[in-house]
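What follows is a short report on a single structure.
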Amino acid sequence: GAGASDYRLLLDGVFLIDVSSRVSLGANIDFLKEGDNHWFGAALMAKLSLTDCLTAALRGELITDKNLYGVAEESLYEGTVMLGYTLAKHFEVRAEVRADMASAEVFKKGKTPRKNQATGLLGFLAYF
């Protein structure tokens, strides 16, 4: 198939730092190569504890694909804003708004191809 090769190289790096008791920063970098084709992804994250129960976060990501999965070279980007409220220990309600953008029309609204889309999420989390 496209991108077939006898070898595959995957590099993954995650970096996290607590700047203070209320501010955390993170980064994630991924690189995958098969023969002459490759894929690259990166993310930057920031989290701010506004109060003991209220948290805000930002995230930005990008991915580029050079023929690795049988498609022409494309780039995708996203930005997310999150507001979370801790209800009790290990329980949170969270609202997120996300914007996705692309170098090609990879998203659809109905049957109409588009280069961008916006989505929202309201979720309840239980974690242990």
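Some points to look at:
- When ASP12 is tested against the conditions (1) among the acidic types (Asp, Glu); (2) modelled with pLDDT under 95; (3) loosely packed, with under 12 Cβ neighbours inside 10 Å, the lone failure is (2).
- Filter pass, THR64 being surrounded by 14 or more Cβ atoms within 10 Å (Cβ to Cβ) and among the β-branched types (Val, Ile, Thr): yes
- Residues being of a type in the set (Asp, Glu), more than 12 Å from the chain's Cα centre (by Cα) and surrounded by 14 or more Cβ atoms within 10 Å (Cβ to Cβ) are represented in the range 30-44 by at least one member.
- Qualifying residue in the range 100-118 (condition: open to solvent by less than 70 Å² (accessible area, probe 1.4 Å) and acidic (Asp, Glu)): yes
- Single residue of the range 15-29 satisfying the filter (of a type in the set (Gly, Ala, Ser) and either in a strand (DSSP E or B) or within 17 Å of LEU76 (Cα to Cα) (or both)) that is most open to solvent (accessible area, probe 1.4 Å): SER24
The values are calculated or read from the model by the stated rules, or taken from the named source; none is laboratory data. Keep in mind that this is a model prediction, so the values were computed, not measured. Because the Cβ atoms are built from the backbone with ideal geometry, glycine has one as well, and the counts that use them run over all protein chains shown. Accessible surface areas use protein heavy atoms only, side chains included; no ligands, DNA or RNA. Shrake-Rupley method; radii C 1.70, N 1.55, O 1.52, S 1.80 Å.
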